[in-house]
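The values are calculated or read from the model by the stated rules, or taken from the named source; none is laboratory data. Given the structure is predicted, the values throughout are model-derived calculations rather than measurements. Every residue, glycine as well, gets a Cβ built from its backbone with ideal geometry; the counts of neighbours run over all protein chains shown.
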Amino acid sequence: MKLGCFGCFALVVLVLAVLVVTGGVLFVSANILRSPDVRPVSFSRADGYAAQQKLYELVLRQAGRSSRKDPITLTEREVNAFLSRHLAEAAGVPLSPLTVRLDEDHLFTQGQTPLRNLFQGPPFAYLLPYIPDKRLDQPVWVSVRARISIDAPAGAATGYGMVTVTEFVLGRQPLNSFLLYVMLGPSGAGLFRWPVPGVVESIRIQSGQAIIRTR
């Protein structure tokens, strides 16, 4: 009996949560569908190739095939070229067009994606059958400001890059940054935590560039 009562209570809480979320989405939908100010970063195929070569140097250092110790610097153009091609593979959230700005200690990312791509974690995923496809397929702008840190213990073969979201905006509607983690759920894990060679010691974001230091 106790288990049955608990189950009923959990169901009621879930239904209320869905109603609150649905009401919240409808309430802010006008701002969600508005376009923010976007300053695209131009790049070329050469920038993408340069980024790959620099990142391959990390693999060489990890394998002991390079004795270089100098910092590896990625320009803003190179970061945009690399992420525009590989972000969807890592995070499972295609953003096109994609713009990444490197500010002091932060990166600022903006991109468009259909709304359904953001409704991946519970309770948002439960809403999909009740929202018209036309609304779910509506492209929305996602703007994220975040910090990057490295968790790579000395001597470990693999470390992890960690992304901490500090600002989250849908369209022109600011939302709590924690909501992005909830919306994407487990499927967004590749966006917030990704493997890096253990030789990587730190990544520092400066204006217009990312500096990778190795051991």
Inset, instruction - Being among the basic types (Lys, Arg) and under 16 Å from the mean Cα position of the chain (by Cα) is the filter; apply it to region 85-137 and report the residue that is nearest to PRO186 (Cα to Cα). - result: ARG116
Inset, instruction - Please indicate, with yes or no, whether at least one residue in region 96-103 is over 21 Å from SER44 (Cβ atoms) and either surrounded by 15 or more Cβ atoms within 10 Å (Cβ to Cβ) or at pLDDT 90 or above (or both). - result: yes
Inset, instruction - Looking at (1) in a helix (DSSP H, G or I); (2) in contact (Cβ under 8 Å) with a residue 12 or more places away in the chain, find the lone condition where ARG101 falls short. - result: (1)
Legend entry - Qualifying positions in region 119-140 - modelled with pLDDT of 90 or more and crowded, with 16+ Cβ neighbours inside 10 Å: VAL140
Legend entry - Residue that is surrounded by the most Cβ atoms within 10 Å (Cβ to Cβ) [pool: residues in region 182-215 that are modelled with pLDDT of 90 or more and hydroxyl-bearing (Ser, Thr, Tyr)]: THR214
Inset, instruction - Please enumerate the residues belonging to region 141-160 that are modelled with pLDDT of 90 or more and either closer than 18 Å to LEU179 by Cβ or surrounded by 15 or more Cβ atoms within 10 Å (Cβ to Cβ) (or both). - result: TRP141, VAL142, SER143, VAL144, ARG145, ALA146, ARG147, ILE148, ILE150, GLY159, TYR160
Legend entry - Close pairs from region 30-59: first without any contact (Cβ under 8 Å) to a residue 60 or more places away in the chain, partner assigned to a helix (DSSP H, G or I) and acidic (Asp, Glu), Cβ under 6 Å, at least 6 apart: ASP47/GLU78; ALA50/GLU78; ALA51/GLU78
Inset, instruction - Taking only region 53-98 into account, find how many residues are of a type in the set (D, E, K, R) and either touching a Pro at 6+ places or on another chain (Cβ under 9 Å) or outside any helix (DSSP H, G or I) (or both). - result: 5
Legend entry - VAL163 being within 19 Å of GLN120 (Cα to Cα), under 12 Å from the mean Cα position of the chain (by Cα) and either modelled with pLDDT under 90 or not in a loop (DSSP other than H, G, I, E, B) (or both): yes
